[in-house]
Each structure stands twice: as structure tokens, then as C-alpha cells.
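The values are calculated or read from the model by the stated rules, or taken from the named source; none is laboratory data. These figures come from a predicted structure and were not determined experimentally. As a convention, Cβ positions derive from the backbone with ideal geometry for all residues, glycine included, and neighbour counts pool all protein chains shown. Only protein heavy atoms, including side chains, enter the accessible area calculation; ligands, DNA and RNA are left aside. Shrake-Rupley method; radii C 1.70, N 1.55, O 1.52, S 1.80 Å.
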Amino acid sequence: DEPLLTAAMAGQDVVINAAGNAWDGASFAPLVQSTIRVANKTLGPGGRFWLFGGAGVLDVPGTKLLGVDLPGVPAVYQAHRANFEAVKATQLDWSMLCPGPMVAAPAGRAHQGLRLAADTWPFSGPRFASVLPRFALTLAFASHRGEITIAYEDAVAVIMEHLGRDGPFSRKRVGVALPRGLRLSKPGGGASGN
């Protein structure tokens, strides 16, 4: 409801959009793009806006590919690419948090020492990535899944620490990984550390 969104955003310093989920299907991208449109109009040029993407919308280091260009990445994540393209076309001071899967924090609080990267994977890509076949890049990405599975609390901490305008992640996608040696998995997989 764009009029209600407009009223809710009016006068705000920052808008954080966490509505929807790529697995919602065809309704996800229009929902997010409607929010982007309203934020652009209501907050105006330079208005601070955060939204969520997924790790698949980050650049594959050493290549001209996004993660969603790799084989085996579910097509549903193309919605993140569409949302990225939509927010990029605005005059907003936007940032897109691009984690892997998110889970509840085992200790109920954010991890210290998260690794953050602007526009790219928050871990080293494979050597000679530009000449590797795409399936090898998929395997490299998959091998880091536990590192980019973060807690909801981690997502909140990253956004809250970077709320201000013109920060290091202004008009950037933000890759996030756990501290080195720590891995998380979806429920049933537990957590492990080295």
C-alpha cells in the first residue's frame, strides 16, 4: 500500500526494509520494488535506505559474474538481482545487506569480528577465478556456506553500525561472514568452530 508506506516513511532519517522473502515467489520483487519507489520519492535524493539481498547478488571475486550467474543457484534468487538493479537506479543513499542463510544466534547476541566486504564475497575467492569453469566457482562458493550463514542478530548489528549517510557502504552491497574459524548452519545442522 504505497500511500501507507509514504506516510510511514515521511520525516524518517533512515528506512530499513526487511519485508518479504525471495521464497515468497512472484510477489517478492514487486513488494521490494514498491518500497524502493516510495523511499526514493519520500526520502528524496540522499535518503538513507537499507534493504536485504542475498549472497548470490555479490560479485564473484576476479570475474564479471554475480553469484546468481553460477550454476546450481536457485532461480528464485534472481529477484535479488532485480531489486539490486531497482535500488541502483535511485538517488537514495542505499545499502543492501547480502548474507547467506540467516539463523537465530546460538548465544542470543551478535558475533564480534564479523567480516564485511563491499560488493563482493566477504572471503577470498578461488585463485584464477577468471579462468575457472562456472561449476568450480559454484563449488568454491558452496564451501563457504557455513561462514556466510549469519545470525539475525548479526544482520541487525551490521545495519545499526552503518546507519549514517555516506558511510563505507553507501550505494554498495554488503557481504558479511562470521569471524574466521566459525561456521553456522540452518537448524538441525548445529554450529561449529575451529
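Numbers at a glance
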| item | result |
| --- | --- |
| Most mobile listed residue (VAL176, VAL60, VAL14) in the chain, GNM with C-alpha springs under 10 Å | VAL14 |
| Reach of LYS172 by Cα under 25 Å, taken over lysines that are not fewer than 8 positions away in the same chain | LYS41, LYS64, LYS88 |
| MRE, 222 nm, helices only [DSSP H, n ≥ 4, -39500 (n - 2.57), over the chain, to nearest 500] | -8500 deg cm²/dmol |
| Gap separating the Cα centres of region 1-70 and region 96-129, nearest whole Å | 19 |
| Options GLY113, SER185, THR138, ranked by Cα towards positive dipole end of region 99-194, top entry (Cβ charges) | THR138 |
| Cleavage-rule hits (trypsin sites (Lys or Arg not before Pro)) in region 146-190: DSSP loop, at most 12 neighbouring Cβ within 10 angstrom | ARG165, ARG180 |
| Neighbour cut-off at most 11 other Cβ (10 Å), DSSP loop, trypsin sites (Lys or Arg not before Pro), region 1-73 | LYS64 |
| Gaussian network model of the chain, springs between alpha carbon atoms under 10 Å - residue of LEU116, LEU97, LEU182 with greatest fluctuation | LEU182 |
| Cβ-based net charge around LEU114, under 11 Å, with every Lys or Arg adding one and every Asp or Glu removing one | -2 |
| Mean separation of Cα contacts under 8 Å, 6 or more apart, over the residue count of the chain: relative contact order % | 24 |
| Paramagnetic label zone (point 7 Å from Cα along Cα-to-C-beta, GLU161; backbone N under 16 Å) in region 14-33 | none |
| Spin-label pair ALA82/GLU2, simplified geometry with 7 Å Cα→Cβ offset, distance in nm | 1.7 |
| Largest-first ordering by accessible area, 1.4 Å probe, given options ASP24, ASP166 | ASP166, ASP24 |
| Residue-normalised accessible area of region 1-79, given per residue in Å² at a 1.4 Å probe | 47 |
| Calculated FRET value between SER143 and ARG115, using beta carbons and R₀ = 25 Å, to 0.05 | 0.95 |
| 5 angstrom amide H check on LEU92, placed H, neighbours 5+ away | GLY46 |
